[in-house]
Amino acid sequence: MDTRRLQLLLALSRLGSMRAVAQTHHLTTSTVSQQFAALAREAGAQLIEPEGRRVRLTPAGRRLADHAVTILAAVDSARLDLDPDAEPVGTVRIGGFATGIRVSLLPIVAELAERYPKLEFVISEYEPIEAFALLTDDDLDLALTYDYNLAPASPGPVLESVALWSVTWGLGVPADTTDGPADIAAYADRTWIVNSRNTADEDAVRTLAAMAGFSPRIAHQIDSLDLVEELIVAGYGVGLLPIGRPTGSGVKVLPLREPKAVLTAYAVTRRGRAVWPPLRVVLDRMRPPPGRELPRPQWPRPEAD
């Protein structure tokens, strides 16, 4: 089978229309249709069928699309593995959440640039949902993402991830709150603050609240943890914050009773790409030592006054 046709089939499974596939791959719709017809002959099965004015994958088409993930990853791996010991040369496009970039990437950039002068980086800030989409579309080489144990992420079959480190989160409350583990049920009547660009934070809050027997009233969606603190101080609600991160004078972070909320950071790549020399040297420096528990770094933030 022609791997280019498999790429088109995989694109159709994601995008849902021939026109979208044609636009993404800079082809005409007629050309895409011809490629699908040729792939169906190669496979010996009908792969697409009409659905109104659009088309959809048949059961055989969906199965072949699933196989295409593995096939294309193997082809990528074979191509990139032809010279795995070559000097890393090229530009690595990295996107991720701000703290992941600070903790996992910035400490190694200068060292890698000195060791491999032909290695360059393009760094962008994205939340996990954004980064997964860009990786899937091959617009990033590496994503630094996160999830919570209470809200696991689903990167998708074309991606693979490596856990890098983890941090326990607690409940951010006004500083005059009594110390001790937070009983989530005691905050059932409070408004809650969650992340504005990713659903993991809200999913974790909703899971904690459901286990405590209530539905949280989510009133604010904020990306900046500093701004979350300011809203807490102003009396606008409570929210999850990392334990160990220095806070302002008006806020404290209480540990949670069971279950704990643990954020884990990941390095995510397309399947088969991790052996590409420029990407491999980055991943090798980021990975924790094998066989050990994930490190728990302090959440980076300027010290509170």
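Please tell me if VAL228 is touching a residue at least 24 places away in the same chain (Cβ under 8 Å), among the hydrophobic types (A, V, I, L, M, F, W, C), surrounded by 20 or more Cβ atoms within 10 Å (Cβ to Cβ) and touching a helix residue (DSSP H, G or I) at 6+ places or on another chain (Cβ under 9 Å). Considered against the rule, which asks whether it is touching a residue at least 24 places away in the same chain (Cβ under 8 Å), among the hydrophobic types (A, V, I, L, M, F, W, C), surrounded by 20 or more Cβ atoms within 10 Å (Cβ to Cβ) and touching a helix residue (DSSP H, G or I) at 6+ places or on another chain (Cβ under 9 Å), VAL228 comes out as no.
When GLY272 is tested against (1) touching a Leu at 6+ places or on another chain (Cβ under 8 Å); (2) modelled with pLDDT of 90 or more; (3) not in a strand (DSSP E or B), just one condition goes unmet, and that condition is (2). The condition of being under 23 Å from the mean Cα position of the chain (by Cα), at pLDDT below 95, crowded, with 17+ Cβ neighbours inside 10 Å and part of a loop (DSSP other than H, G, I, E, B) holds for only one of ARG245, ARG197, that being ARG245.
So is SER215 of a type in the set (Gly, Ala, Ser), assigned by TED's automatic domain parsing to the domain that holds PRO181 and at pLDDT below 90 or not?
no
For the condition among the hydrophobic types (A, V, I, L, M, F, W, C), in contact with a Gly (Cβ under 7 Å, 6 or more places away or on another chain), more than 26 Å from GLN298 (Cβ to Cβ) and surrounded by 13 or more Cβ atoms within 10 Å (Cβ to Cβ), ALA188 does not qualify.
Take the conditions (1) touching a strand residue (DSSP E or B) at 6+ places or on another chain (Cβ under 7 Å); (2) under 30 Å from ALA267 (Cβ atoms); (3) modelled with pLDDT of 90 or more; (4) surrounded by 15 or more Cβ atoms within 10 Å (Cβ to Cβ); VAL158 misses just one of them, which is (3). The single condition among (1) over 22 Å from VAL205 (Cβ atoms); (2) at pLDDT below 95; (3) crowded, with 19+ Cβ neighbours inside 10 Å that GLY95 does not satisfy is (2).
Just so you know, in the stretch 204-235 the residues that are part of a helix (DSSP H, G or I) and of a type in the set (Asp, Glu) include one that is farthest from ALA261 (Cα to Cα), and it is GLU230. Entry remark, the stretch 146-170: residues being more than 10 Å from the chain's Cα centre (by Cα) and either without any contact (Cβ under 8 Å) to a residue 24 or more places away in the chain or within 19 Å of THR99 (Cα to Cα) (or both) number 13 in total. For the stretch 231-242, residues that are farther than 11 Å from TRP169 by Cα and either touching a residue at least 12 places away in the same chain (Cβ under 8 Å) or buried (at least 19 other Cβ atoms within 10 Å of the Cβ) (or both) total 7.
The values are calculated or read from the model by the stated rules, or taken from the named source; none is laboratory data. Please read these numbers as outputs of a predicted model, since none were measured by experiment. Cβ coordinates were reconstructed from backbone atoms using ideal geometry, including for glycine residues, and neighbour counts include every protein chain displayed.
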